[in-house]
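One structure is given below, encoded as structure tokens.
The values are calculated or read from the model by the stated rules, or taken from the named source; none is laboratory data. Just so we're clear, the structure is a prediction, and the values are computed from it rather than from any experiment. Cβ coordinates were reconstructed from backbone atoms using ideal geometry, including for glycine residues, and neighbour counts include every protein chain displayed.
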2 protein chains.
Amino acid sequence: MKFVIQKDKLVQSVQDVMKAVSSRTTIPILTGIKITAGEDGVTMTGSDSDISIESFIPSEEDGRVNVETQISGSIVLQARFFSEIVRKLPMDTVELEVGHHFMTVIRSGKAEFNLNGLDAEEYPHLPQIEENNKFQIPNDLLKTMIRQTVFAVSTSETRPILTGVNWKIENGELVCIATDSHRLALRKAPLETAVEGTHNVVIPGKSLSELSKILDDSNDSIDIVMTENQVLFKAKNVLFYSRLLDGSYPDTARLIPNESKTEIVVHTKEFLQAIDRASLLAKEGRNNVVKLSTVDNSYVEISSNTPEIGKVIEEVQTQSVIGEELKISFSAKYMMDALKALEGTEIGISFTGAMRPFLIRTPGDDTILQLILPVRTY
Amino acid sequence: MKFVIQKDKLVQSVQDVMKAVSSRTTIPILTGIKITAGEDGVTMTGSDSDISIESFIPSEEDGRVNVETQISGSIVLQARFFSEIVRKLPMDTVELEVGHHFMTVIRSGKAEFNLNGLDAEEYPHLPQIEENNKFQIPNDLLKTMIRQTVFAVSTSETRPILTGVNWKIENGELVCIATDSHRLALRKAPLETAVEGTHNVVIPGKSLSELSKILDDSNDSIDIVMTENQVLFKAKNVLFYSRLLDGSYPDTARLIPNESKTEIVVHTKEFLQAIDRASLLAKEGRNNVVKLSTVDNSYVEISSNTPEIGKVIEEVQTQSVIGEELKISFSAKYMMDALKALEGTEIGISFTGAMRPFLIRTPGDDTILQLILPVRTY
């Protein structure tokens, strides 16, 4: 194998596939990046066997020559060294040549690296995915949907299925749900293209976080293909494969209350900052618990109290308070996560008593919903 | 105690004194910040008993009112909580009031914090320093001199004296020297004001690093007062005290070679980048060792070799190579530290054989010098 490549393209591509490479793998060759050069261009592959990323650099693009392949072929190079080397090369072009015993020479200007390569034949094959069943979604919408749900997945392996985000496609709509059993985030969006049948899969939270880092913020569409145990995201020149989690996701619909006894509407930023301040003195306690009380149907009081350190109390103006008086305690962290995920300058919170889960929503927007379970403090 | 203060001034002052507060202290009250309000203004104090910082906020400054003191007094508040609270307060002004049992109320807008305070009488007194013997140095020069030497102090407590920087004042000149016994950094500068007698002290590297973070980049002068066991830096509204290290600093003058056998001059940035690249494959080996060889008195070759991973070799153009041919090995990290400390686009390196310490200097500038001991690899 021998080719000359533009450094900026190589660096970007290596950075993308590195998102899938783990230094802690039981399969040694997966600490490497597979590089394949052909007439059309160069393909990089990284994988930790859960996530696999393939990045393609076309020989020519927009009239610019990216790659000149002199000899086609493949090699696997240690990802950690290769990625550091390419970032620090001195010139704008890089020559890569594989010699005997997989010894690979990387040249740029007067710098010459010799890296011990590995046989690309040993590198695992990527999943074969039939593209019968694909749908499209704009990059920016996908990133938003991931951001608004993935923070709520469980970080504990007690119930592995909860470490993923449940994606359901039915009636031309994509619904994403994440819960760690203390709070839940739901976001849905109509799909622009018709999808045959229904899908109900669970995608690891980590896969979605990594995918999000690779996607640009354009409204270009990405193709999504689902199979029984894999999902494939096809962006321009990048393929992102993730395995799906086994098992069935809990039915979350019954968790979401249909009625409410107290409804408040507050200014999102003011409310978030008050919760943040109250949490300062709640950190020592159990899970940053703060207390919310409605007062005279005209404002809410946010407070917390850690006797060893001190206490804090703050009034937050409400746009409206409707229904029963309420005193409720909850995790400040969960509330702040939920508020940051929501868009809009105002948010509405619907309570059904101090012991029942409550809902946080943007008024007039039924595509997103955050649910938090209160903490018993009385 | 009761006063109203501008939040921005309070935040800046707390941030400065926090540099001296350690959470790991054997004296519990030192986890707090001492606050004293008087008619002139408010003073904050933080200390870990090695470093003490006092920041003063004058009641009026440049025609602006910073503080209105209603009742004079003192209190000590938990530094970690107090600093987080003041940063997150909602309004531009803050009211602070001490009530019974040192309970302190912090009010800003509709937020009200109650913090358990401690008796300020229990807070240790700062060192009493007589200002007989002081000298001045511009802030920006002091920061530069710290930056160019402090990185070379020892991080090991085997020889505690080497964790400090040796400051010597003689013949109207300040000389700063740091060495960890593998490399040495020296920077000197003439003093603008006459100083009586000579000084030879060792200031903890950590103190100088923290001081550097507090100083602005202006060329305002800072007053420096030295006593037998303390040094005091007096900037505008900030006093910075540091204890000195006990013991006598080794005589480093004899380490610095007077003659050389090979002299090279290279472009600083190109040379630094070549060393950086060579170090990529040297990390696994012992202490990032790279090799430098002069070739035909026309260029140098930088290389490293770690058989398990690969090797790298690079030619670096020289402005000049004078003297004997040379092959020498050294720590890439020490070389990069030294190059980053030097100013100027070109640097000169003077070697006295492969086994002797060598000097790195900016040609034509004798105020700064970096010395590195080579590594035996042959």
(request) Count, please, the residues in segment B:22-40 that happen to be farther than 25 Å from B:Ser72 by Cβ and in a helix (DSSP H, G or I). (result) 1
(message) Here's a check for you: in segment B:45-62, which residue that is among the charged types (D, E, K, R) and without any contact (Cβ under 8 Å) to a residue 60 or more places away in the chain is farthest from B:Tyr241 (Cα to Cα)?
(response) B:Asp62
(request) Pick out, from segment B:238-335, the strands (runs of 3 or more DSSP E) lying fully within it that include 2 or more residues that are within 28 Å of A:Gly99 (Cβ to Cβ) and small (Gly, Ala, Ser). (result) B:299-306
(request) From the list A:Leu281, A:Leu232, pick out the single residue that is touching a strand residue (DSSP E or B) at 6+ places or on another chain (Cβ under 8 Å) and within 11 Å of chain B (Cβ to nearest Cβ). (result) A:Leu281
(message) Every residue in segment A:315-345 that is of a type in the set (A, V, I, L, M) and either farther than 14 Å from A:Ala274 by Cα or within 14 Å of another protein chain (Cβ to nearest Cβ) (or both), please.
(response) A:Val316, A:Val321, A:Ile322, A:Leu326, A:Ile328, A:Ala332, A:Met336, A:Ala338, A:Ala341, A:Leu342
(message) I'd like to verify a number: residues in segment A:147-160 that are out of contact with any strand residue (DSSP E or B) (no Cβ under 8 Å at 6 or more places or on another chain) and either without any contact (Cβ under 8 Å) to a residue 12 or more places away in the chain or not in a loop (DSSP other than H, G, I, E, B) (or both), how many?
(response) 4
(message) Can you go through A:Val11, A:Val42, A:Val4 and tell me which one is touching a residue at least 24 places away in the same chain (Cβ under 8 Å) and buried (at least 18 other Cβ atoms within 10 Å of the Cβ)?
(response) A:Val42
(message) I'd like to know if segment B:307-320 contains one or more residues that are without any contact (Cβ under 8 Å) to a residue 60 or more places away in the chain, out of contact with any strand residue (DSSP E or B) (no Cβ under 9 Å at 6 or more places or on another chain) and acidic (Asp, Glu).
(response) no
(message) Against the conditions (1) under 20 Å from A:Tyr249 (Cβ atoms); (2) in contact (Cβ under 8 Å) with a residue 40 or more places away in the chain, where does A:Glu170 fall short? Just the number, please.
(response) (2)
(message) Could you list, ordered by first residue, the pairs with Cβ atoms under 9 Å in which the first is in segment A:76-95 and at the interface with chain B (Cβ under 7 Å from one of its Cβ atoms) and closer than 14 Å to A:Val17 by Cβ and the second is at pLDDT below 95 and part of a loop (DSSP other than H, G, I, E, B), at least 6 apart or interchain?
(response) A:Gln78/B:Ile309
(message) Anything in segment A:114-133 that is touching a helix residue (DSSP H, G or I) at 6+ places or on another chain (Cβ under 9 Å) and away from every other protein chain (no Cβ under 14 Å)? List them, or say none.
(response) A:Asp119, A:Ala120, A:Glu122, A:Tyr123, A:Pro124
(message) Whether any residue in segment A:207-219 is out of contact with any Lys or Arg (no Cβ under 8 Å at 6 or more places or on another chain) and under 30 Å from A:Glu315 (Cα atoms) is what I want to check.
(response) no
(message) Let me confirm something: among B:Glu228, B:Glu192, which residue is among the acidic types (Asp, Glu), loosely packed, with under 13 Cβ neighbours inside 10 Å and under 17 Å from B:Leu244 (Cα atoms)?
(response) B:Glu228
(message) Restricting to segment B:340-357, name every residue that is in contact with a strand residue (DSSP E or B) (Cβ under 7 Å, 6 or more places away or on another chain) and without any contact (Cβ under 8 Å) to a residue 40 or more places away in the chain.
(response) B:Ala354
(request) Hey, can you tell me all the residues within segment B:174-189 that are crowded, with 21+ Cβ neighbours inside 10 Å and either among the polar types (S, T, N, Q) or assigned to a helix (DSSP H, G or I) (or both)? (result) B:Thr179
(request) Inspect segment B:165-173 for any residue being away from chain A (no Cβ under 14 Å), on the phi > 0 side of the Ramachandran plot, among the polar types (S, T, N, Q) and not in a strand (DSSP E or B) and give the result as yes or no. (result) yes
